[in-house]
Amino acid sequence: MQTQARVVVIGGGVVGCSVLFHLAKAGWTDVLLIERSELTAGSSWHAAGGFHTLNGDPNVAKLQAYTVSLYEELEALSGQSCGLHLTGGVMMADTAERMDFLRLTHARGRCLGMETELITPTEAQAMFPLMDASNFVGALWDPVEGHLDPSGTTHAYAKAAQALGASIELRNPVEDITQQADGTWQVVTQNGTVKAEHVVNAAGLWARDVGRLVGLELPVLAMEHMYLITDEMPEVVAFNAETGRELVGVIDFKGEIYTRQERSGLLLGTYEKACKPWSPINTPKDFGQELLPPDLDRIAPSLEVGFRHFPAFEQAGIKQVINGPFTFAPDGNPLVGPVRGLTNFWCACGVMAGFSQGGGVGLTLANWMVHGDPGFDVYGMDVARFGEWTTLRYTNAKVRENYSRRFSIRFPNEELPAARPQQTTPLYDILQRDRFAVMGDSWGMETPLWFAPSQEEARDVLSFHRSNDFAHVGHEVRQTRASVGVSDISNFAKYEVYGSGAEDFLTRLMTNSLPPVGRMVLTPMLNQNGKLIGDFTIARSTEAHFFMWGSIAAQTYHMRWFEQHLPDDGNVTVNRFDLNLVGLTIAGPRSREVLSALCDEDVSNEAFRFMDHRAMDVNGAPCRVNRISYTGELGYELWMAPAWQRTVYAGIKTAGAAFGIVDFGMRALLSMRLEKNFPTWFAELRPIYGPFEAGMDRWVDLSTADFIGREAAIREQSEGPKCRRVSFVIEAEDADVMGDEPIWARVDELAAGLIDAPHGHGAPRFDAAGELVPADNPQIDGEWRVVGWVTSGGYGHHVRASIAQGYVPASLASHDEAGMFEIEILGIRRAARINRQALVDPSGARMRGVIQ
Ligand SMILES: Cc1cc2nc3c(=O)[nH]c(=O)nc-3n(C[C@H](O)[C@H](O)[C@H](O)COP(=O)(O)OP(=O)(O)OC[C@H]3O[C@@H](n4cnc5c(N)ncnc54)[C@H](O)[C@@H]3O)c2cc1C
């Protein structure tokens, strides 16, 4: 057996084989895949083989599109058929809400150049005559869907990888993995030990167990999943004979059913509500290529709907019931990338749709390993998007919820209940019980979203339109801007960086120059390619001690980066506080008077300036106070140990009573930051944008020392950014943008060019008479063209306007005239106008305390 390899990939399912292929294709041919049994011996062999492009995260959707586009190349390289059937598919809506969801999906697809199309139930029935169209109100046609042979496809990846020089070792379980002092790995297998520079965990059903070999508890759980295959059905045979075509795939959200043609019958699978985890704690070592016992009672409610919606199905004989396990992460997306705290240990697991995503996962990981960066925005799949709070029980509860909601609508104002509350601040019960806060989940932490007038009203009425929180969030915003408001802001990531090397360390990582003692700066952080990977507030408490605040959702992601760049000499420590440091903000023109009543220091505008940072007692509690506010008002952030938070909050409420102080939640905060044109991490600020594109110019000091990404930033600045972040006011009615909507502009073809639309790759669509329906270019409509996408938005309650932020080509970013842009909200294009200045206090005078 081979005893040395640059990379050992553990697991020969579709994902491991795709990783092997992509590594070899990228030039790393000294790569060895070790499989405990035969290729496909986990979940890959019994998959239904369906594939599609649509995904809630546009970046994951792009990688799914890549996967589908790869299959022909793979067949050519390997000489192995993938058994491709590119049939296209329809998603059926049975309610107005589901139709809103399909309209939103359709609009989002435009930004990616997807040729989805909204069609009538009758048109859908023409493509799949076995349905009863009277059950539905509309449908979405997606030409890039189909099914394939799972085993053939896995072997095609394997053969193509071997043709490029990769090796595969079968029937040889990996039993242990240990890291040596020199950083290399010893991969101990039943047949001997392999020394490797890198290890990839692609162990699918056993990914959690392989993770535990290196002390890792991966948030992944296998669920049982069932599909049925019918005998030959005369209706299917007749359709094939009449049209010469195969039936399209169908997703029926009401029945939680997907169905498609399989030979001359149907294949029908369900994502049932009464779902069942498989092996919730340990995965049996001896589970082989076997199936689980069928349990039709569990899926009976879905089948009953199926019989009504697809009447012919009720008469069909069932040839086979497949029940097999496959894995999910808590949010249903893969876990990919380097693991924080381990060197050269990589994940490619939790892949629930291996035949839609396997290619994209392989490409991502190979890019990351070979080039040091995935090359595109893969945060939605990054293993670092979770933290230690995703414990075994949390994961198991969330995965069950995710599975049972696979075909459910997620409304923009919907918070999911499983595994909550997970972490709470000391104010949780006061805010919820006494102030009627509606809470949301912020990276496993309960955070107030808005405050209702009574306990009965403290819940969200789910909707794609403005909802029952609208008036209350409006009150929170207006009262904060008019007087003062208070909010729990513990859901920031909080760090301290200290030691004799702290200044050099931060100077190397951050684009802005560091502040003097007692002051703060805002600063982006870039990767080597000059793309945004972070956005922080840094305060200097002493020469060698800094406090730092960033996005909580990026905490593991950022810690991984910090630790990768720590000097070896031990002169720098990065400590993250988690909930050991909690926060409150007070904001609004009267906030200084509130603070002043609670402390014994001079906090006048001269003594405690905008961007000052100071340790001071507030209501007798030791706090660190930042003079800054994301609301854009005069305001303060107070940070304290948890034991003090109730005391400080009580003091603020008492001192603020004279000014009519309001509690405000995250929704009011986000509304206020939109009015100020402030960007936010994960929406406007992501690793696909450069700092100049994002309008972060002010915080990039190219004259300072050589920070990571500086050369690329200089290039971006000298060549000029390709696109620009802009803010719009939209003539909306009762719904605002949610993110990822297309931005249309009235332009000639030369002015555009931001979006490279793959056009014309899908399955053809036929109408009821069997005529081919020509595909429209989804991004062009007369003189209008899709030129960009919305990153986030909502309602500005103080300015009473619907606001969106997004990216457009730089050449269009200064066009603030009326009639130039439209933004598609729930399928309707609304007039939109760029506002080049913040709608509230563009000069920043209020924030600086100049206007009282
Ligand atoms: C009933 C059913 C229907 C499905 N339908 C679809 C579908 O229509 N479309 C779709 O895209 N996906 C579908 N899936 C999901 C799909 O099967 C998975 O996404 C895919 O198989 C995941 O592949 P993988 O390589 O990550 O994992 P696996 O296929 O589980 O592969 C992991 C491999 O690692 C090996 N291994 C584990 N531990 C070790 C060790 N210690 N040493 C060596 N080797 C080890 C295993 O033997 C196994 O071969 C379905 C799944 C099921 C169960």
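The values are calculated or read from the model by the stated rules, or taken from the named source; none is laboratory data. Just so it is clear, the structure is predicted and the values come from calculations on it, not from any experiment. Cβ coordinates were reconstructed from backbone atoms using ideal geometry, including for glycine residues, and neighbour counts include every protein chain displayed. Each accessible area value is taken on the protein alone, full model and side chains, heavy atoms only, with ligands, DNA and RNA left out. Shrake-Rupley method; radii C 1.70, N 1.55, O 1.52, S 1.80 Å.
Here is a yes/no grid of residues against (1) touching a Pro at 6+ places or on another chain (Cβ under 7 Å); (2) open to solvent by 10 Å² or more (accessible area, probe 1.4 Å):
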residue	(1), (2)
LEU70	no, no
GLU73	no, yes
HIS85	no, yes
MET114	yes, yes
LEU118	no, yes
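Being within 13 Å of the ligand (Cβ to nearest atom) and either closer than 15 Å to ALA353 by Cα or more than 29 Å from the chain's Cα centre (by Cα) (or both) is the filter here, so list the residues in the stretch 2-17 that pass it. Give the derivation first.
So the first thing to find is which residues in the stretch 2-17 are within 13 Å of the ligand (Cβ to nearest atom), and the list is 8-17.
Passing the criteria: GLY13, VAL14, VAL15, GLY16, CYS17.
Search the stretch 826-844 for residues being at pLDDT below 95 and more than 15 Å from ASN677 (Cα to Cα), and hand back the single one that is most open to solvent (accessible area, probe 1.4 Å).
Looking at residues that are at pLDDT below 95 and more than 15 Å from ASN677 (Cα to Cα), I get ILE828.
Residues VAL625, VAL618, VAL648: which one is more than 36 Å from the chain's Cα centre (by Cα), at pLDDT 95 or above and within 26 Å of LEU522 (Cβ to Cβ)? If you could, list the steps in order and put the result at the bottom.
Numbers: VAL625 fails: more than 36 Å from the chain's Cα centre (by Cα); VAL648 fails: more than 36 Å from the chain's Cα centre (by Cα).
Matching residue, one of VAL625, VAL618, VAL648: VAL618.
Scan the stretch 143-152 and give yes if some residue there is more than 12 Å from the ligand (Cβ to nearest atom) and either at positive phi or open to solvent by 40 Å² or more (accessible area, probe 1.4 Å) (or both), otherwise no.
First, the residues of the stretch 143-152 that are more than 12 Å from the ligand (Cβ to nearest atom): 143-144, 152.
From what is left, the residues that are either at positive phi or open to solvent by 40 Å² or more (accessible area, probe 1.4 Å) (or both) are none.
No, every residue in the stretch 143-152 fails to be more than 12 Å from the ligand (Cβ to nearest atom) and either at positive phi or open to solvent by 40 Å² or more (accessible area, probe 1.4 Å) (or both).
Restricting to the stretch 458-508, and then to whatever is part of a loop (DSSP other than H, G, I, E, B) and among the aliphatic types (A, V, I, L, M), can you tell me which residue is farthest from ILE825 (Cα to Cα)? First the steps, then the outcome.
From the stretch 458-508, those part of a loop (DSSP other than H, G, I, E, B) are 458-469, 483-484, 489-491, 499-501; that's our starting set.
Among the residues that remain, those that are also among the aliphatic types (A, V, I, L, M) are: 458, 461-462, 484, 489.
Values: ALA458: 27, VAL461: 20, LEU462: 17, VAL484: 33, ILE489: 30 Å.
Out of the qualifying residues, it is VAL484.
For the stretch 338-366, what are the residues that are within 15 Å of the ligand (Cβ to nearest atom) and of a type outside the set (A, V, I, L, M, F, W, C)?
Correct list: GLY350, GLY354, SER356, GLN357, GLY358, GLY359, GLY360, GLY362, THR364.
Just checking, how many residues over the stretch 576-607 are open to solvent by 50 Å² or more (accessible area, probe 1.4 Å), farther than 21 Å from PRO426 by Cβ and among the polar types (S, T, N, Q)? Walk me through how you get there before you give the answer.
First pass over the stretch 576-607, keeping only residues open to solvent by 50 Å² or more (accessible area, probe 1.4 Å): 578, 580, 590, 593, 596-597, 600-602, 606.
Imposing the further condition that a residue be farther than 21 Å from PRO426 by Cβ reduces the set to 590, 593, 596-597, 600-602, 606.
Cutting the leftovers down to among the polar types (S, T, N, Q) gives us 596.
Here the count works out to 1.
Among the numbered conditions (1) of a type in the set (Gly, Ala, Ser); (2) modelled with pLDDT of 95 or more; (3) farther than 25 Å from ALA47 by Cα, tell me where ALA222 comes up short.
Unmet for ALA222, out of (1) of a type in the set (Gly, Ala, Ser); (2) modelled with pLDDT of 95 or more; (3) farther than 25 Å from ALA47 by Cα: (3).
Output yes when any residue across the stretch 585-607 is in a strand (DSSP E or B) and more than 26 Å from SER442 (Cα to Cα), and no when none is.
So in the stretch 585-607, the residues in a strand (DSSP E or B) come out as 585-587.
From what's left, more than 26 Å from SER442 (Cα to Cα): none.
The answer is no; no qualifying residue exists.
Please work out which one of (1) farther than 21 Å from GLY306 by Cα; (2) open to solvent by 50 Å² or more (accessible area, probe 1.4 Å); (3) more than 16 Å from the ligand (Cβ to nearest atom) is the condition THR122 fails and give its number.
THR122 satisfies every listed condition except (1).
Pairs, please: C-beta under 8 Å, at least 6 apart or cross-chain, first residue more than 9 Å from LEU221 (Cβ to Cβ) and in the stretch 385-414, second small (Gly, Ala, Ser) and part of a helix (DSSP H, G or I)?
ARG385/ALA553
If you scan the stretch 770-798, which residues turn out to be in contact (Cβ under 8 Å) with a residue 24 or more places away in the chain, open to solvent by 70 Å² or more (accessible area, probe 1.4 Å) and closer than 24 Å to GLU123 by Cβ?
Correct list: ASP776, ASP781.
Given the structure, is GLY350 at pLDDT below 95 and of a type in the set (Gly, Ala, Ser)?
Values: at pLDDT below 95: no; of a type in the set (Gly, Ala, Ser): yes.
Criteria not met by GLY350.
What about VAL618, is it without any contact (Cβ under 8 Å) to a residue 40 or more places away in the chain, surrounded by 24 or more Cβ atoms within 10 Å (Cβ to Cβ) and among the hydrophobic types (A, V, I, L, M, F, W, C)? Lay out the reasoning, then the answer.
On the way: without any contact (Cβ under 8 Å) to a residue 40 or more places away in the chain: yes; surrounded by 24 or more Cβ atoms within 10 Å (Cβ to Cβ): yes; among the hydrophobic types (A, V, I, L, M, F, W, C): yes.
For VAL618, the condition - without any contact (Cβ under 8 Å) to a residue 40 or more places away in the chain, surrounded by 24 or more Cβ atoms within 10 Å (Cβ to Cβ) and among the hydrophobic types (A, V, I, L, M, F, W, C) - is met.
Condition check ((1) in a loop (DSSP other than H, G, I, E, B); (2) buried (at least 19 other Cβ atoms within 10 Å of the Cβ)) across all residues:
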| site | (1), (2) |
| --- | --- |
| THR390 | yes, yes |
| LYS398 | no, yes |
| ASN402 | no, yes |
| PRO412 | yes, no |
| ALA419 | yes, yes |
| ILE430 | no, no |
| ARG433 | no, no |
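Report, by residue number, each residue of the stretch 18-43 that is out of contact with any strand residue (DSSP E or B) (no Cβ under 7 Å at 6 or more places or on another chain), open to solvent by less than 10 Å² (accessible area, probe 1.4 Å) and either under 21 Å from GLU73 (Cβ atoms) or away from the ligand (no atom under 13 Å from the Cβ) (or both).
SER18, PHE21, HIS22, THR40
All but one of (1) in a loop (DSSP other than H, G, I, E, B); (2) modelled with pLDDT of 95 or more; (3) small (Gly, Ala, Ser) hold for ALA156, so report the exception by its number.
It is condition (1) that ALA156 fails.
Among the residues that make up the stretch 131-140, is at least one of them open to solvent by less than 20 Å² (accessible area, probe 1.4 Å), without any contact (Cβ under 8 Å) to a residue 60 or more places away in the chain and not hydrophobic (A, V, I, L, M, F, W, C)?
yes
Take the stretch 194-211 and flag every residue that is basic (Lys, Arg) and either within 11 Å of the ligand (Cβ to nearest atom) or closer than 14 Å to THR343 by Cβ (or both). Give the derivation first.
Looking only at the stretch 194-211, we keep the residues that are basic (Lys, Arg), and these are 195, 208.
Within the stretch 194-211, just ARG208 meets the criteria.
Would you tally the residues in the stretch 515-536 being crowded, with 21+ Cβ neighbours inside 10 Å and either over 19 Å from GLU711 (Cβ atoms) or of a type in the set (A, V, I, L, M, F, W, C) (or both)? If you could, list the steps in order and put the result at the bottom.
Initially, the stretch 515-536 is screened for residues crowded, with 21+ Cβ neighbours inside 10 Å, giving 520, 523-526, 530-536.
Cutting the leftovers down to either over 19 Å from GLU711 (Cβ atoms) or of a type in the set (A, V, I, L, M, F, W, C) (or both) gives us 520, 525-526, 532-533, 535-536.
Result for the stretch 515-536: 7.
Take the residues in the stretch 46-68 that are in a loop (DSSP other than H, G, I, E, B) and within 15 Å of the ligand (Cβ to nearest atom); name whichever of them is most open to solvent (accessible area, probe 1.4 Å). Even if it seems obvious, please write down each step before you answer.
Kept after step one, since they are in a loop (DSSP other than H, G, I, E, B), are these residues of the stretch 46-68: 46-49, 53-57.
Filter once more, keeping what is within 15 Å of the ligand (Cβ to nearest atom): 46-49, 53-55.
Numbers: HIS46: 15, ALA47: 29, ALA48: 18, GLY49: 3, THR53: 6, LEU54: 27, ASN55: 46 Å².
Per the stated criteria, the residue is ASN55.
Sort through GLN645, GLN717 and tell me the only one that's out of contact with any Cys (no Cβ under 9 Å at 6 or more places or on another chain), surrounded by fewer than 23 Cβ atoms within 10 Å (Cβ to Cβ), assigned to a helix (DSSP H, G or I) and of a type in the set (S, T, N, Q).
Values: GLN645 fails: surrounded by fewer than 23 Cβ atoms within 10 Å (Cβ to Cβ).
Result: GLN717 is the single residue among GLN645, GLN717 that is out of contact with any Cys (no Cβ under 9 Å at 6 or more places or on another chain), surrounded by fewer than 23 Cβ atoms within 10 Å (Cβ to Cβ), assigned to a helix (DSSP H, G or I) and of a type in the set (S, T, N, Q).
Among (1) in contact (Cβ under 8 Å) with a residue 12 or more places away in the chain; (2) over 30 Å from the mean Cα position of the chain (by Cα); (3) not in a loop (DSSP other than H, G, I, E, B), which single condition is ALA76 missing?
Against the list (1) in contact (Cβ under 8 Å) with a residue 12 or more places away in the chain; (2) over 30 Å from the mean Cα position of the chain (by Cα); (3) not in a loop (DSSP other than H, G, I, E, B), ALA76 comes up short only on (1).
Please find, among ILE168, ILE177, the residue that is out of contact with any Gly (no Cβ under 8 Å at 6 or more places or on another chain) and within 13 Å of the ligand (Cβ to nearest atom). Steps first, please.
On the way: ILE168 fails: out of contact with any Gly (no Cβ under 8 Å at 6 or more places or on another chain).
Selected residue: ILE177, the only one of ILE168, ILE177 that is out of contact with any Gly (no Cβ under 8 Å at 6 or more places or on another chain) and within 13 Å of the ligand (Cβ to nearest atom).
Just name the residue that is nearest to the ligand (Cβ to nearest atom) out of those in the stretch 212-221 that are more than 21 Å from the chain's Cα centre (by Cα) and of a type in the set (A, V, I, L, M, F, W, C).
Among residues in the stretch 212-221 that are more than 21 Å from the chain's Cα centre (by Cα) and of a type in the set (A, V, I, L, M, F, W, C), the one nearest to the ligand (Cβ to nearest atom) is LEU213.
Across the stretch 537-565, which residue is least open to solvent (accessible area, probe 1.4 Å) among those that are part of a helix (DSSP H, G or I) and over 25 Å from MET445 (Cβ atoms)?
Step one: list which residues in the stretch 537-565 are part of a helix (DSSP H, G or I), which gives 552-565.
Retained after the next criterion (residues that are over 25 Å from MET445 (Cβ atoms)): 564-565.
Working: GLN564: 109, HIS565: 58 Å².
Going through the qualifying residues, I end up with HIS565.
State whether one or more residues within the stretch 370-381 are at positive phi, free of Cβ contacts under 8 Å to residues at least 60 places away in the same chain and open to solvent by less than 20 Å² (accessible area, probe 1.4 Å).
No: zero hits.
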